[in-house]
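The values are calculated or read from the model by the stated rules, or taken from the named source; none is laboratory data. Everything numeric in this text was worked out from a predicted model, so none of it was measured. As a convention, Cβ positions derive from the backbone with ideal geometry for all residues, glycine included, and neighbour counts pool all protein chains shown.
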Amino acid sequence: MDNKKDIKDELKGLSPLLSGIKKDNAFKVPKDYFKSLPDKVLEQVQVTKNITEKATDQPSWLNRLIENIAVLFQPKYAVGFATALILIVAAVYINQNSGDQLNDSNLFVSQYIEENIDDFDAELLWEASVFENDDELEDDTGSDEFFDELIDELNDDELEMLL
């Protein structure tokens, strides 16, 4: 007991406010609380059971589809889809325009060559031609057989024109 008194005196020295607080139970239980508690608990269990039974019912496939589509319209997904769609449309548009320009330029070059074929020198055309690899060029042009075949394919009028 002496020990409790020493502790109380020390507490008064350190903090008179804390030592002045009385030791009373501040919590009070309402009247008939423990008599009505089992009924309240059973009632809550019944309500929870009903809610879980309703939650476990499977929604129809249409409702699930609508929910999944609604998720796609959330801003974080909608922005991504919109950006991808814009990039695809732009790529298709650019691809179509560049293809048209390339076809137009090829057509223009082909028409020019056909109209002015007489103005071109055969040797210049030969030098300007492009081969896929150099070995093929050496094999084809280096042999006399290649030139013989070319000469055989030409008729007399073409040979006279070349000479």
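Count, please, the residues in segment 16-53 that happen to be outside any helix (DSSP H, G or I) and hydrophobic (A, V, I, L, M, F, W, C). Show your work before the answer.
Start the filter on segment 16-53 by keeping residues that are outside any helix (DSSP H, G or I), which leaves 20-32.
Checking which are hydrophobic (A, V, I, L, M, F, W, C) leaves us with 21, 26-27, 29.
The number of residues fulfilling the criteria is 4.
Of the conditions (1) closer than 30 Å to Phe81 by Cα; (2) of a type in the set (Val, Ile, Thr); (3) surrounded by 10 or more Cβ atoms within 10 Å (Cβ to Cβ), Ile69 satisfies every one except a single condition; which number is it?
Here Ile69 clears every test but (3).
Pairs, please: C-beta under 6 Å, at least 6 apart or cross-chain, first residue free of Cβ contacts under 8 Å to residues at least 60 places away in the same chain and in segment 61-78, second surrounded by fewer than 10 Cβ atoms within 10 Å (Cβ to Cβ) and assigned to a helix (DSSP H, G or I)?
If the second residue must be surrounded by fewer than 10 Cβ atoms within 10 Å (Cβ to Cβ) and assigned to a helix (DSSP H, G or I), no pairs are left.
Within segment 34-46, identify whether any single residue is of a type in the set (Lys, Arg) and modelled with pLDDT under 85, and answer yes or no. Before you say what the answer is, go through the steps one by one.
So the first thing to find is which residues in segment 34-46 are of a type in the set (Lys, Arg), and the list is 35, 40.
Now drop any that are not modelled with pLDDT under 85, which leaves none.
No: segment 34-46 contains no residue that is of a type in the set (Lys, Arg) and modelled with pLDDT under 85.
Considering only segment 97-148, how many residues are surrounded by 10 or more Cβ atoms within 10 Å (Cβ to Cβ) and modelled with pLDDT of 75 or more?
Of the residues in that region, 10 qualify.
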